[in-house]
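Computed from the coordinates by the stated procedures, all read-outs in this text should not be read as laboratory data. From a predicted model like this one, the values you see are computed outputs, not experimental measurements. Cβ sites come from the backbone with ideal geometry, for glycine too, and all protein chains shown count toward neighbours.
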Amino acid sequence: MQFPIMDRWRMLQSAALLRGLACGICLGASLGLSLCVSLGLSFAIAPPALAQAPAIPGIAAPAPPAANPLPMPGFWDPRRRPERPDLGRMSLIRFLTENDYPPFNYAGPDGNPAGFNVDLARMICEELKIACSVQMRRFDTLTDSLNDSRGDAVMASIAVTAESRKRLDFSDSYYRTPARFVARRDFAMDEVRPEQLERRKVAVVVGTAHEAYLKALFTEAEVKSYSSDADAREALRRGDVDLLFGDGISLAFWINGTDSAGCCAFRGGPFVESRYFGEGVGIAVKRGNDTLRQAFNWSLFRLWEKGRFGDLWLRYFPVSPF
């Protein structure tokens, strides 16, 4: 049985409103409102990585990174340095992941685990100087497997929510899923603000957090709701709407893939309001396993500080979702 509370970040599109994080971008001053989008991240400019991500079944190989530098998100506060816990008795970390969720985790051509989460798990072990194993399982079995001690941690893009915390503890979030606007390349608009979308047609998937956000904050836009991502994207490609609003990570792959036929590009910046788009994704451990959770926090911070996390991110996301 698959537990609804453990839906991935992709299910946050229809999740209830979640808690906020600190930082902010204010929108819509002309509406007489201070619409502050809570950001739990910072940005830096990083050069594109030269290495390419591994081939992913069913997804076109990513194009070479552009010559221009890409915005690189940072998910950690440099002023808050985690402490490394005592791991003297720990000799192996057994990671569990899912077998069919590219590009984050999937079976590679040789049948072995591959993907962003898998590569990051191995980097964490290198940083901690501890051996590790990665085993693939069906997503709906991961939580029970962890709680039955068949693994030590789960890296499978599990969303950190109030519900998931009832069964699991989590490391600090190591990625989030921003919402983004996309437009056809011939559509002249760089910044996207509420007052600029008056009478503009915006495609969105019905019943999602993205639809709720549009209707709450972009009240002058003409929201066009579609039953699926594919329908909304096709409407934009045909020119039936002016913009599309949706999940930035999946849209980055669409923009960079063959299905978009090079039609479209991001407009404006990322939206990561936690009440709508979630708290992010962390590494799951058994409740009360503070030593391992703190070890992950320390190693993730170190990988980010050294630039290794950024290099890995750019391998998998040559079109930045941020």
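Below, the figures for the structure above:
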quantity: The stretch 104-227, dipole about Cα centre (Lys/Arg Cβ +1, Asp/Glu Cβ -1), debye to the nearest 20; calculated: 320
quantity: Test item: Cα-centred dipole of the stretch 178-271, Lys/Arg +1 and Asp/Glu -1 on Cβ, debye; calculated: 100
quantity: Trypsin sites (Lys or Arg not before Pro) within the stretch 156-242: DSSP coil, no more than 12 neighbouring Cβ in 10 Å; calculated: ARG185, ARG199
quantity: Residue exposure sequence - GLU195, GLU98, GLU163 - by fewest surrounding Cβ within 10 Å; calculated: GLU195, GLU163, GLU98
